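Structure first, commentary second.
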Amino acid sequence: MSHVLTLNAGSSSLKFGLFATTETDPNEMCAGLVDRIGSDDGTIKLKDAEGAVLAQTGPQPIANHAEAVQSALTMIEASVPGAKVTAVGHRVVHGGVDFDAPMVVDDAVLAKLDRLSPFAPLHQPHNLAGIRAAQAAFVDAVQIACFDTAFHRNHPFVNDTFALPMRYYEKGVRRYGFHGLSYDYIAGHMADAFPDLHDGRVVVAHLGNGASMCGMRAGQSVCSTMGFSALDGLPMGTRSGQLDPGVLLYLMEQEQMSASEISDLLYKQSGLLGLSGLSNDMRRLEASGTDAAERAIAYFTFRIRHELGALAAVLGGLDAVVFTGGIGENSRRVRAEVCNGFGWMGLTFDDAANAEDATEISTAGSVVKALVIPTNEELVIARAAAAAAAA
Ligand code: AMP
């Protein structure tokens with residue numbers, strides 16, 4: 001039996017998963033996290049598919065992503081003896097205009113991905129560091145890049161552009177959309193489990209620490225709340241979401257903020273954290289009960305309803321809304337506050353089903369269905385890696 005490894009490299013962390021490749025779907029054997037890369041107190045933890053801890057080490061120095069990949073590999077080899085990795089699948093945030101599907105990484109592809117780093121400077125360089133580390137660690141394995149943007153690449157022009165002079169569009173200043181691996185998984189799951197809905201008009205709300213929504217017709221992305229960067233659209237744990245561009249001019253001209261100060265403000269100090277002044281974590285906000293936490297949750301659910309209406313209008317109506325991501329899968333309150341605002345569109349919410357975390361949280365007679373579907377981005381990467389290994 002051969003195996004595929006999935007890697008999701010962030011600025012200071014590396015998520016990894018080992019899958020056995022079978023005739024059907026890749027089968028997750030274990031998954032782990034290398035945390036605090038670049039520090040003296042890094043940690044590594046590996047769990048089996050049921051979540052039981054198989055091994056953990058640290059705190060220990062982990063200098064860079066190459067060391068992180070090596071440490072992950074050492075831990076996997078000790079816990080799953082004989083694992084033979086034939087392909088490594090990487091989550092890569094940006095595939096630019098050209099990449100609308102997973103790509104086997106060779107020198108030319110890597111050079112193209114390097115050139116996209118200015119489009120996602122906080123994520124892309126770390127993703128590529130993960131690829132280079134895996135190339136060194138697994139010289140015989142095929143490396144495959146899976147893009148968060150790819151799922152959205154066939155947007156019609158009006159959902160792909162801003163109203164700027166066209167030279168910026170030509171330079172790549174476009175509405176890319178992100179969270180594509182999650183949307184890909186949900187579309188595939190719906191094709192199997194809810195084929196009629198899949199063939200219709202669906203809005204998927206990926207609500208996690210990062211959050212966006214995607215309007216799909218017949219499983220294809222038509223529009224997304226995220227645009228050029230992963231800042232647009234919904235407010236997130238620490239990201240602002242949609243902002244009047246005049247605010248940026250004000251911050252630069254009147255507050256004399258530099259580009260890096262504004263970047264820090266918009267990516268790390270805004271969203272639920274900025275509004276509440278308390279936490280980026282929805283669980284903590286829901287438990288808090290303070291006015292500050294309540295106003296953050298109120299803005300979050302208001303923006304989701306706002307975007308749901310807009311996306312439904314673009315789709316020409318709505319057959320189903322799907323909740324996923326840490327908040328979408330777990331927050332009964334957020335789901336209820338969103339759905340109860342959509343009775344006018346034919347969505348009749350089922351409070352009892354929601355309280356039981358059922359898959360279907362709309363009533364049997366509801367014209368618009370509301371569903372909860374746990375996402376699985378790693379499986380999408382593992383499938384692409386397994387397909388590349390078999391090719
Ligand atoms: P993710 O980035 O998909 O892992 O999602 C993280 C977000 O999900 C955080 O804001 C968590 O607070 C939130 N979350 C996880 N479990 C719950 C829960 N039971 N209730 C409300 N929010 C939750």
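A few points about this structure:
- Residue match in the range 50-57 (condition: more than 28 Å from Val104 (Cβ to Cβ), in contact (Cβ under 8 Å) with a residue 12 or more places away in the chain and assigned to a helix (DSSP H, G or I)): no
- Filter result for the condition that a residue is within 12 Å of the ligand (Cβ to nearest atom) and modelled with pLDDT of 95 or more, over Gly277, Gly328: Gly328
- Of all residues in the range 182-230, those being modelled with pLDDT under 95 and of a type in the set (A, V, I, L, M) number 1.
- Criterion violated by Ala66 - all others in (1) in contact with a helix residue (DSSP H, G or I) (Cβ under 9 Å, 6 or more places away or on another chain); (2) in a strand (DSSP E or B) satisfied: (2)
- The single residue among Leu110, Leu122 that is among the aliphatic types (A, V, I, L, M) and under 19 Å from the mean Cα position of the chain (by Cα) turns out to be Leu122.
- Test: Leu265 is within 30 Å of Gly328 (Cα to Cα) and within 16 Å of the ligand (Cβ to nearest atom): no
- The residues of the range 164-216 that are under 26 Å from Gly271 (Cβ atoms), in contact with a Gly (Cβ under 7 Å, 6 or more places away or on another chain) and among the basic types (Lys, Arg) amount to a single one, Arg175.
- Selection status of Gly316, in contact with a strand residue (DSSP E or B) (Cβ under 9 Å, 6 or more places away or on another chain) and loosely packed, with under 15 Cβ neighbours inside 10 Å: yes
- Flag for His94 being in a loop (DSSP other than H, G, I, E, B), under 29 Å from His179 (Cα atoms) and either of a type in the set (S, T, N, Q) or modelled with pLDDT of 95 or more (or both): yes
- The listed residues are Val338, Val321, and the only one of them that is modelled with pLDDT of 95 or more, within 16 Å of the ligand (Cβ to nearest atom) and touching a helix residue (DSSP H, G or I) at 6+ places or on another chain (Cβ under 7 Å) turns out to be Val338.
- Residues that are modelled with pLDDT under 95, in contact with an Asp or Glu (Cβ under 9 Å, 6 or more places away or on another chain) and part of a loop (DSSP other than H, G, I, E, B) within the range 121-152 comprise just one, His123.
- Filtered residues of the range 276-294 (kept if within 22 Å of the chain's Cα centre (by Cα) and not hydroxyl-bearing (Ser, Thr, Tyr)): Asn280, Asp281, Met282, Arg283, Arg284, Leu285
- Which listed residue, of Leu318, Leu308, Leu379, Leu371, is in a loop (DSSP other than H, G, I, E, B) and in contact (Cβ under 8 Å) with a residue 12 or more places away in the chain: Leu318
- Number of positions in the range 196-221 that are within 16 Å of the ligand (Cβ to nearest atom) and surrounded by fewer than 20 Cβ atoms within 10 Å (Cβ to Cβ): 2
- Cross-chain or 6+ apart pairs with Cβ under 9 Å, the range 340-365 first and farther than 18 Å from Arg305 by Cα, then acidic (Asp, Glu) and outside any loop (DSSP other than H, G, I, E, B): Ala353/Glu360; Asp357/Glu329
- On the stretch given as the range 222-232, residues that are small (Gly, Ala, Ser) and within 15 Å of the ligand (Cβ to nearest atom) total 1.
- Any hit, the range 285-294, residues being part of a loop (DSSP other than H, G, I, E, B) and more than 20 Å from Met216 (Cα to Cα): yes
- The set of residues in the range 56-101 that are farther than 21 Å from Ala382 by Cβ, among the acidic types (Asp, Glu) and either surrounded by 15 or more Cβ atoms within 10 Å (Cβ to Cβ) or touching an Asp or Glu at 6+ places or on another chain (Cβ under 9 Å) (or both) contains only Glu67.
- Some residue of the range 234-254 being at pLDDT 95 or above, within 16 Å of the ligand (Cβ to nearest atom), aliphatic (A, V, I, L, M) and buried (at least 17 other Cβ atoms within 10 Å of the Cβ): yes
- Exactly one residue among Ala355, Ala310 is within 16 Å of the ligand (Cβ to nearest atom) and of a type outside the set (S, T, N, Q), and that residue is Ala355.
The values are calculated or read from the model by the stated rules, or taken from the named source; none is laboratory data. The structure presented is a predicted model; accordingly, all values stated were derived computationally and were not measured. Here Cβ is always computed from backbone atoms with ideal geometry, including for glycine, and neighbour counts include all displayed protein chains.
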